[in-house]
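The values are calculated or read from the model by the stated rules, or taken from the named source; none is laboratory data. A quick note: this is a predicted structure, and the numbers were derived from the prediction, not measured. Don't worry about glycine lacking a Cβ; one is built from the backbone with ideal geometry, like all the others, and counts go over all protein chains shown.
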Amino acid sequence: MKRILSIILTFCMICSLCVVLSGCGYTYAELDLRGEYTKEYAGTTLNVYNWGEYISDGSDDSIDTVKEFEHLTGIRVNYTTFDSNETMYSQIKNGGVSYDVIIPSDYMIERLINEDMLLKLDTSKLTNLDLIDNKYKGLYFDEKDEFTVAYCVGMVGLIYNTKKVKQTPDSWNILWDKKYKDDILMFNNPRDAFAIAQFMLGQDLNSTNKSDWDKAAVLLKKQKKYLQSYVMDEVYGKMETGEAALAPYYAGDFLTMYENNEDLAFVYPKEGTNIFVDSACIPKNAQNYEAALMFINFLLEPDIALANAEYIGYASPNTSVVNNPDYYYYGNEILYPNEANTPKTQYFHDIDNEIRNYYENLWIDVKLY
């Protein structure tokens, strides 16, 4: 009897080990694919560098994008993440590590192209490009669509707690309202923080006039006495728990916060806001160009694009997602406002080093004020 029990236990342990080694029991999806994906590059490694929490990972019964691609092609994906465009740029610039696919934002893409750091895409291999909405083609940072494929779209807006803010705000100026002293949060990065002050002052977000940045800095210093704190990801905890009343942040992230606190609401202020597009690119030092093209085309697949869009919570530039009535955010007015409710927007552009250094020093001054 003991021997039989021992055999049974050993068998169970082996089965458990097999489950672990096979990816913790992940069941591959039955994908309806438009493109062709071969095993030609099986055994090679593809280095992908993306924002954190920016691809569907199989949680909550969703598709695991990376695992599906590996299963389909036999290519091993080395997937790593960054927390800012500037961190990503430093890694690419230093050249210590080569990446095959990166997904930076618009202004950083402009910089990478200007510095000859990206490879042109062989669009004949990107058979799903027709799914990208035309309004996300020919953008200022890649007017001929030679280097990039749009991945995610977002805008910044104002999040507020309806239990603490009784009226519906329509202006960024509420972030300077003394009535909410110690209940206001602000971006803890210079470009986004300055942008809000610049919108209030009616400035160009990409001004090369130092006096414009000086005026924006003065306004940010005036705000500081009303602030609870400067935040980035800390905004989730503070807004979801009701610890703060007001915060500027990205629309897609508001939707995540709202799921945890239905007292929260969101508006696009009348002065305007920043819009951004993050896009897939191939750096010049890429070691697996053909596999990179295959991966980018895979990201455009309707099933994959849908899973990624639902996981990330930002707007999708992919028409197969936006027009799919089964899409969780189908018709969502925050991600996809109609023409009448679309705010005035400006993109960030790459700014020359002198101005960049100037506003970064001003930001230090604001924080120390």
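Table for the structure above
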| item | result |
| --- | --- |
| In segment 321-340, the residues that are of a type in the set (A, V, I, L, M, F, W, C) and over 19 Å from ILE275 (Cα atoms) | VAL321 |
| Top-ranked residue in segment 99-120 [being aliphatic (A, V, I, L, M) and assigned to a helix (DSSP H, G or I); ranked as farthest from ALA292 (Cα to Cα)] | MET108 |
| Selection from segment 64-114 of residues that are in contact with a Ser or Thr (Cβ under 8 Å, 6 or more places away or on another chain) and within 30 Å of GLU30 (Cβ to Cβ) | ASP64, THR65, THR73, ILE75, ARG76, VAL77, ASN78, ILE103 |
| In segment 306-325, the residues that are under 14 Å from the mean Cα position of the chain (by Cα) and within 19 Å of GLU70 (Cβ to Cβ) | ASN308, TYR311 |
| Failed item in (1) farther than 25 Å from LEU33 by Cβ; (2) in contact (Cβ under 8 Å) with a residue 40 or more places away in the chain, with ALA292 passing the rest | (1) |
| Qualifying residue in segment 320-343 (condition: of a type in the set (Ser, Thr, Tyr), within 15 Å of ILE103 (Cβ to Cβ) and touching a strand residue (DSSP E or B) at 6+ places or on another chain (Cβ under 9 Å)) | no |
| Within segment 208-249, considering residues that are closer than 26 Å to TYR369 by Cβ and among the aromatic types (Phe, Trp, Tyr), the one farthest from the chain's Cα centre (by Cα) | TYR226 |
| Matching option when the condition is touching a strand residue (DSSP E or B) at 6+ places or on another chain (Cβ under 7 Å) and either under 22 Å from MET155 (Cα atoms) or in contact (Cβ under 8 Å) with a residue 24 or more places away in the chain (or both), among GLN287, GLN346 | GLN346 |
| Some residue of segment 230-248 being touching a Cys at 6+ places or on another chain (Cβ under 9 Å) and closer than 30 Å to VAL77 by Cβ | no |
| Set LYS181, LYS93, LYS137, LYS144: member being under 30 Å from GLY242 (Cα atoms) and not aromatic (Phe, Trp, Tyr) | LYS181 |
| Helices (runs of 4 or more DSSP H) completely within segment 1-97 that count 1 or more residues being at pLDDT 90 or above and not polar (S, T, N, Q) | 65-73, 85-94 |
| All strands (runs of 3 or more DSSP E) inside segment 139-243 with 3 or more residues being surrounded by fewer than 20 Cβ atoms within 10 Å (Cβ to Cβ) and touching a strand residue (DSSP E or B) at 6+ places or on another chain (Cβ under 8 Å) | 227-231 |
| Hey, ASN78 over 23 Å from ASN274 (Cβ atoms), buried (at least 21 other Cβ atoms within 10 Å of the Cβ) and of a type in the set (S, T, N, Q) or not | no |
| Residues located in segment 248-284, provided they are of a type in the set (S, T, N, Q) and closer than 22 Å to PHE141 by Cα | THR273, ASN274, SER279 |
| Residue match in segment 246-265 (condition: surrounded by fewer than 21 Cβ atoms within 10 Å (Cβ to Cβ), at pLDDT 95 or above and over 24 Å from TYR314 (Cα atoms)) | no |
| Residues satisfying the stated conditions in segment 81-104, i.e. crowded, with 23+ Cβ neighbours inside 10 Å and farther than 19 Å from ASN353 by Cβ | TYR99, ASP100, VAL101, ILE102, ILE103 |
| Search result, residues across segment 112-124 that are surrounded by fewer than 20 Cβ atoms within 10 Å (Cβ to Cβ), at negative phi and not polar (S, T, N, Q) | ILE113, GLU115, MET117, LEU119, LYS120, ASP122 |
